[in-house]
Amino acid sequence: MEAGEGGVEGATRFTLAAFAWKIVRAMELITILNHCHRQRGFVYQQARFGPDKKSIEVDVRPREGSAAVCSGCQQPAPGYDHLPERCFEFIPLWGFLVFLLYRMRRVDCRNCGVVVEQVPWSDGKHQLTRAYMLFLARWARKLSWKETAEAFHTSWDQVRDAVEYVVGWGLEHRTLESLRALGVDEIQYAKGHKYLTLVYQIDQGLTRLLWVGKERTIESFQDFFTVIGERLAAQIEFVCSDMWQPYLDVIRQKCSQALHILDRFHIVAKMNKALDEVRAAESRKMAQDGHPPLLKKARWCVLKRKRNLTAQQKFRLRDLLRYNLQTVRAYLLKEDFQQFWEYTSPTWAGMFLDFWCYQTMRSRIEPMKKIARTLRAHRTLLLNYFKARKQFSSGVIEGLNNKAKVTMRRSYGFRTFRILELALYHSLGKLPEPELTHEFF
Ligand SMILES: [Zn+2]
């Protein structure tokens with residue numbers, strides 16, 4: 001192996017490449033590879049610098065006497081011929097790209113005819129080795145895909161391929177047997193009204209993203225049930241959703257045996273939205289009528305829970321409460337409703353709900369009246385919350401929803417549904433990963 005010196009020896013001329021290479025050679029690169037990436041039926045022959053001195057190339061040969069394996073049926077088969085040499089990219093080392101060079105054999109299989117062999121380090125479709133794809137995919141969970149590509153001097157497309165491989169493997173090898181509690185949530189992406197349907201497992205021991213659907217229609221949610229099949233659908237005991245009608249319809253149709261709960265997080269969010277509408281409209285009207293701007297910068301005062309307010313905001317709120325404003329009355333209604341969640345008995349909770357709706361319907365605040373009408377229409381589902389409350393925490397969907405939003409924000413370069421789907425499965429799916437004999441960290 002030539003070390004890459006240009007003839008003149010000495011400390012002044014020796015390059016980083018030469019130095020690194022000496023270390024590699026001293027430790028025997030082949031020995032290291034055999035230790036961390038041994039491949040049954042194959043041997044590493046020799047290592048050398050690539051022509052540009054920026055990469056290391058390692059020759060791989062079949063082990064003497066070991067038969068090739070057919071990629072069609074995974075059975076040993078007699079050799080047929082060799083294909084031209086192929087490069088498989090391995091995890092980079094000390095700033096050098098590392099390539100395994102191998103001439104794939106074709107086999108003459110009894111079952112499959114003449115097909116290319118299967119090699120353990122690659123899935124045959126990608127230039128990257130499995131080990132490198134797993135390595136990149138792990139980093140792509142911590143960094144953005146763009147940062148991952150930059151950190152390892154590879155391309156965004158290679159990182160996407162890596163994530164796609166790992167996600168595909170994970171989806172194929174995961175088991176859904178433990179599924180008892182299901183959560184469905186919609187999430188807005190891109191500008192305009194583009195939505196995804198996200199289906200989660202929300203069991204106590206395991207919360208994860210199970211499925212990503214395009215749009216938030218009856219059809220998209222039904223697809224999920226097609227994927228899991230009737231047997232698994234029949235064992236679901238709890239379903240948690242928001243009040244989106246297509247979801248309610250599908251749940252009634254596919255999971256009629258399950259206790260259906262409306263998610264607290266979405267109801268609180270709806271109420272905050274209504275309150276914000278009231279405040280914005282009233283603030284505009286006051287400005288038009290020439291009143292002092294009482295509601296200016298009061299947004300967080302009324303939207304935050306009281307205990308989360310800063311001292312300054314508490315002061316503003318106390319000030320605000322002295323006025324008989326729509327915003328103030330809507331705020332008090334919203335705060336009052338928090339009590340609903342404290343009940344343990346569905347009967348008492350039901351009485352509270354009826355009274356709250358009655359009061360709100362007389363408030364003459366249209367956005368709040370709209371909420372009251374919606375809550376009334378879903379009374380039974382709302383009260384199911386109290387029948388199931390000990391089963392799982394109500395913050396689960398909210399937490400997953402936040403995580404999904406972070407994933408989408410971090411992936412600002414992701415334009416297509418497919419990419420978004422991969423990124424979400426990758427960060428929230430808790431998917432199993434292909435196993436390697438060595439941990440590349
Ligand atoms: Zn075969």
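One line per residue, one yes/no per condition, for (1) under 34 Å from the mean Cα position of the chain (by Cα); (2) away from the ligand (no atom under 16 Å from the Cβ); (3) open to solvent by less than 50 Å² (accessible area, probe 1.4 Å):
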residue	(1), (2), (3)
A77	no, no, yes
Y80	no, no, no
W94	yes, yes, no
V107	no, no, yes
G124	yes, no, yes
Y132	yes, yes, yes
S144	yes, yes, yes
H153	yes, yes, no
A162	yes, yes, yes
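Within region 109-122, being within 15 Å of the ligand (Cβ to nearest atom) and crowded, with 21+ Cβ neighbours inside 10 Å holds for C109, E117, V119.
Pairing each residue of region 64-91 that is more than 17 Å from Q39 (Cβ to Cβ) and at pLDDT below 90 with any residue that is part of a loop (DSSP other than H, G, I, E, B) and more than 10 Å from the ligand (Cβ to nearest atom), provided the two are 6+ apart or on different chains, yields C-beta distances under 8 Å for G79/A67.
Looking only at region 64-74, filter to residues that are surrounded by fewer than 17 Cβ atoms within 10 Å (Cβ to Cβ) and within 19 Å of G124 (Cβ to Cβ); which one of those is farthest from the ligand (Cβ to nearest atom)?
The residue in question is S66.
Against the test of being open to solvent by 70 Å² or more (accessible area, probe 1.4 Å), modelled with pLDDT of 85 or more and over 30 Å from D123 (Cβ atoms), the options Y358, Y331 yield a single qualifying residue, Y358.
One line per residue, one yes/no per condition, for (1) part of a helix (DSSP H, G or I); (2) open to solvent by less than 20 Å² (accessible area, probe 1.4 Å); (3) closer than 19 Å to V278 by Cβ:
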site: F337; (1), (2), (3): yes, yes, yes
site: L353; (1), (2), (3): yes, yes, no
site: I371; (1), (2), (3): yes, yes, yes
site: T374; (1), (2), (3): yes, no, yes
site: Y385; (1), (2), (3): yes, no, no
site: N402; (1), (2), (3): yes, no, no
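Taking T344, is it out of contact with any His (no Cβ under 6 Å at 6 or more places or on another chain), without any contact (Cβ under 8 Å) to a residue 60 or more places away in the chain, open to solvent by 20 Å² or more (accessible area, probe 1.4 Å) and closer than 25 Å to F238 by Cβ? So T344 passes the test.
Entry remark, region 82-92: residues being open to solvent by less than 60 Å² (accessible area, probe 1.4 Å) and over 28 Å from E439 (Cα atoms) number 1 in total.
The values are calculated or read from the model by the stated rules, or taken from the named source; none is laboratory data. This one's a predicted model, so the numbers in the text were calculated from it and none came from an experiment. Here the Cβ is made from the backbone with ideal geometry for all residues, glycine too, and neighbour counts use every protein chain on show. When the accessible area is computed, the model is the full protein with side chains, heavy atoms only, and any ligands, DNA or RNA have been set aside. Shrake-Rupley method; radii C 1.70, N 1.55, O 1.52, S 1.80 Å.
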